[in-house]
Amino acid sequence: MKTLEYHETILKKVSFDKRLLKMELKKAVRNTTCSEQPALLEWCGEHLGEEYKKMVSENSNLLTISAGPSSIRFAMYEMAQNPVKELFGDIRHIGSGKEVFRVTHVKGNERENSRIYAPGFYQATVFLIRWLKNQLGSDRIGHIGHKITYGLNHQGPKVIDTALLAELKQIADYIPGYLPAEIEIVETFTMWYPTLRQVACFDTSFHVNLPRVAKILPIPRRFDKAGIQRYGFHGLSYTYLMEELKTKMGVESNGRVILAHLGNGASMAAVKDGKSIDTTMGFTPTGGCVMGTRSGDLDPGVAWYMMNSEGMNTKQFNHLINHESGLLGISETSADMQDLLQKESSDERAAEAVALFCYQIQKWIGSFMAVLRGLDILVFSGGIGEKAPIIRSRICEGLGFIGIELDEDKNNQNGFQISMINGKVKVLVMPTNEESIIERNTTDLYNKSKNKERQL
């Protein structure tokens with residue numbers, strides 16, 4: 001008897017008992033391949049009756065979504081007391097004509113990789129929805145947690161309703177590379193699943209209580225009243241890092257901390273008593289330190305000069321500072337730090353790009369130490385921060401006078417604590433995980449709603 005037929009026979013025999021049905025269904029999922037699972041799902045819907053449908057409704061799956069300027073990252077979890085990740089993947093290069101869909105099924109470590117047609121975020125989202133419909137457990141997706149770049153003054157996750165969507169649409173022009181796509185993804189899922197609970201997890205929430213002096217911009221007050229101020233970003237990453245820091249370091253995490261999220265998008269945050277008191281990014285994620293393709297802070301006069309001398313319009317200038325600048329603009333070859341490190345010995349442009357990156361991070365460390373009135377812990381995270389020991393070494397070089405001294409052996413091994421044992425400042429390397437915060441926030445809101453229902 002074939003595997004699928006065997007499990008169908010067993011499931012039918014135990015369908016009278018909810019406990020046995022649940023147990024045997026889990027066995028069936030473990031023992032069937034990804035290609036067999038859609039057929040198993042369809043069979044269950046047709047032959048197991050109301051008990052199966054009831055069981056499905058009680059055990060919703062959760063989907064997390066995180067969009068970038070040209071990508072969608074996703075993951076699906078089985079909701080439980082401790083949610084279990086079932087699959088994860090992404091759609092890359094949206095709108096380029098070279099769109100790629102990738103997914104990994106955690107059980108069995110099965111992987112898919114294919115070219116797709118997705119000229120925009122709507123088409124990419126529809127493709128994802130249709131693909132999910134063929135996966136075991138997709139009929140149980142009851143919640144979606146979305147990373148939403150801007151949250152204005154929202155201090156935590158919010159269930160997405162028409163009022164929140166209207167609020168987000170009003171500020172969509174704040175960040176054209178992110179927020180319009182995030183809204184489109186939410187609305188597309190709403191079209192296909194009108195009753196689905198969707199949750200917004202805001203990337204700005206971590207910084208919402210920044211001191212007023214760290215928020216305001218030196219421009220006429222009418223703009224401040226319109227919401228034009230410093231918001232800060234990478235908040236989901238910083239939330240995760242601070243939770244991990246508390247777990248690993250206890251009360252020390254309440255001290256003076258600098259978090260350095262260094263990747264293609266790079267930012268830093270000054271944290272005291274567990275709260276953000278300053279950060280490098282400002283009104284948009286373009287500001288702050290130099291990044292892969294983003295300029296970071298730029299003299300406003302440069303904008304006037306470029307637009308005047310080259311006849312750039314606002315859209316062209318925005319594209320230049322977000323997609324043609326940073327490490328890519330300086331090196332003229334690559335936005336990837338590893339590529340630049342390989343080239344720097346023979347390419348002056350690559351060497352200058354690397355040097356500027358390290359120099360600016362050093363300056364921000366000094367700036368934040370002034371804000372914090374000292375420093376207890378420096379945390380490196382993000383793709384560069386976690387995986388490039390030579391960059392960490394260069395950033396920390398010469399900072400012994402402020403208590404930052406690396407143990408180069410531990411640094412080269414990408415250890416957790418890479419500073420000298422007796423060093424005044426603890427220097428740590430910590431992987432970040434934005435997705436887990438989205439999952440946790442969405443699960444928490446789900447559990448709160450279930451508790452309210454029980455009380456009623």
Open item on the list: Can you pull out every residue in the stretch 293-323 that is surrounded by fewer than 18 Cβ atoms within 10 Å (Cβ to Cβ) and closer than 20 Å to ILE384 by Cβ?
Closed with: ASP297, HIS323
Open item on the list: It is to be established whether one or more residues within the stretch 162-182 are over 24 Å from LYS225 (Cβ atoms), touching a residue at least 60 places away in the same chain (Cβ under 8 Å) and polar (S, T, N, Q).
Closed with: no
Task: Which numbered condition LEU210 misses (of (1) part of a loop (DSSP other than H, G, I, E, B); (2) surrounded by fewer than 19 Cβ atoms within 10 Å (Cβ to Cβ); (3) touching a residue at least 12 places away in the same chain (Cβ under 8 Å)) - done: (2)
Task: Number of positions in the stretch 247-260 that are basic (Lys, Arg) and not in a helix (DSSP H, G or I) - done: 1
- [ ] Among the residues of the stretch 99-126, write down those that are part of a strand (DSSP E or B) and either polar (S, T, N, Q) or under 18 Å from TRP192 (Cβ atoms) (or both).
- [x] PHE101, THR104, ASN113, SER114
Open item on the list: Contact list please: Cβ distance under 6 Å, first residue in the stretch 316-327 and in contact (Cβ under 8 Å) with a residue 24 or more places away in the chain, second residue assigned to a helix (DSSP H, G or I), pairs at least six apart or on different chains.
Closed with: LEU327/ALA353
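The rows are residues; the columns are (1) at pLDDT 95 or above; (2) farther than 23 Å from GLU243 by Cβ; (3) in contact with a His (Cβ under 8 Å, 6 or more places away or on another chain).
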{"site": "VAL271", "(1), (2), (3)": "yes, no, no"}
{"site": "GLY274", "(1), (2), (3)": "yes, no, no"}
{"site": "ASP278", "(1), (2), (3)": "yes, no, no"}
{"site": "MET281", "(1), (2), (3)": "yes, no, yes"}
{"site": "THR284", "(1), (2), (3)": "yes, yes, no"}
{"site": "VAL290", "(1), (2), (3)": "yes, yes, no"}
{"site": "SER295", "(1), (2), (3)": "yes, yes, no"}
{"site": "ASP299", "(1), (2), (3)": "yes, yes, no"}
{"site": "LYS315", "(1), (2), (3)": "no, yes, no"}
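Residues checked against (1) at pLDDT 95 or above; (2) of a type outside the set (Lys, Arg); (3) more than 23 Å from TYR238 (Cα to Cα):
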site	(1), (2), (3)
GLU386	yes, yes, no
LEU399	yes, yes, yes
ILE404	yes, yes, no
PHE416	yes, yes, no
VAL425	yes, yes, no
LEU428	yes, yes, no
ASN433	yes, yes, no
ILE437	yes, yes, no
THR442	no, yes, no
- [ ] Please state which of the following conditions THR149 fails to meet, knowing it meets all the rest: (1) buried (at least 17 other Cβ atoms within 10 Å of the Cβ); (2) of a type outside the set (Gly, Ala, Ser); (3) without any contact (Cβ under 8 Å) to a residue 12 or more places away in the chain.
- [x] (3)
Open item on the list: Checking the structure you have, find out if any residue of the stretch 160-181 is buried (at least 19 other Cβ atoms within 10 Å of the Cβ), modelled with pLDDT of 95 or more and not aliphatic (A, V, I, L, M).
Closed with: no
- [ ] Go through the stretch 225-246 and give me each residue that's in a helix (DSSP H, G or I) and either in contact with a Cys (Cβ under 9 Å, 6 or more places away or on another chain) or modelled with pLDDT of 95 or more (or both).
- [x] GLY235, LEU236, SER237, TYR238, THR239, TYR240, LEU241, MET242, GLU243, GLU244, LEU245, LYS246
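Could you pull out every one of the helices (runs of 4 or more DSSP H) wholly within the stretch 261-373 that has 1 or more residues that are within 25 Å of LEU399 (Cβ to Cβ)? Walk me through it before giving the result.
Working: elements: 300-309, 314-323, 326-331, 337-343, 348-372.
Of the helices (runs of 4 or more DSSP H) lying wholly inside the stretch 261-373, those with at least 1 residues that are within 25 Å of LEU399 (Cβ to Cβ) span 326-331, 337-343, 348-372.
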- [ ] Those residues that are touching a residue at least 24 places away in the same chain (Cβ under 8 Å) and under 21 Å from THR188 (Cβ atoms), I need them from the stretch 104-122; list them, please.
- [x] ILE116, ALA118, PRO119, GLY120, PHE121, TYR122
Task: Enumeration of residues in the stretch 383-414 that are β-branched (Val, Ile, Thr) and either more than 13 Å from GLY366 (Cβ to Cβ) or assigned to a loop (DSSP other than H, G, I, E, B) (or both) - done: ILE384, ILE390, ILE391, ILE404
Open item on the list: Given the options ILE129, ILE141, name the one that is under 19 Å from LEU196 (Cα atoms), in contact with a strand residue (DSSP E or B) (Cβ under 7 Å, 6 or more places away or on another chain) and assigned by TED's automatic domain parsing to the domain that holds VAL159.
Closed with: ILE141
TODO: Would you check if THR195 is in contact (Cβ under 8 Å) with a residue 40 or more places away in the chain, more than 21 Å from LYS363 (Cα to Cα) and hydroxyl-bearing (Ser, Thr, Tyr)?
DONE: no
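Mind listing whichever residues of the stretch 80-89 are within 20 Å of the chain's Cα centre (by Cα) and either outside any strand (DSSP E or B) or farther than 14 Å from LEU132 by Cβ (or both)?
Initially, the stretch 80-89 is screened for residues within 20 Å of the chain's Cα centre (by Cα), giving 83-89.
PRO83, VAL84, LYS85, listed by residue number.
Name every residue in the stretch 392-410 that is crowded, with 20+ Cβ neighbours inside 10 Å and under 27 Å from the mean Cα position of the chain (by Cα), in order of residue number. Full working, then the answer.
Going residue by residue through the stretch 392-410, those that are crowded, with 20+ Cβ neighbours inside 10 Å are 392, 395-396, 404, 406.
Those that are crowded, with 20+ Cβ neighbours inside 10 Å and under 27 Å from the mean Cα position of the chain (by Cα): ARG392, ILE395, CYS396.
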Open item on the list: I want to confirm something. Restricting to the stretch 411-431 and keeping residues that are closer than 17 Å to ILE258 by Cβ and among the hydrophobic types (A, V, I, L, M, F, W, C), which single residue is surrounded by the fewest Cβ atoms within 10 Å (Cβ to Cβ)?
Closed with: PHE416
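Considering only residues of the stretch 1-39 that are in a loop (DSSP other than H, G, I, E, B) and within 24 Å of VAL106 (Cα to Cα), which is modelled with the lowest pLDDT?
CYS34
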Open item on the list: Whether any residue in the stretch 345-357 is of a type in the set (Val, Ile, Thr), closer than 15 Å to THR279 by Cα and assigned by TED's automatic domain parsing to the domain that holds GLY423 is what I want to check.
Closed with: no
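The values are calculated or read from the model by the stated rules, or taken from the named source; none is laboratory data. No experiment lies behind these values; they were computed from the predicted model shown. Note that we place each Cβ from the backbone using ideal geometry, even for glycine, and neighbour counts take in every protein chain shown.
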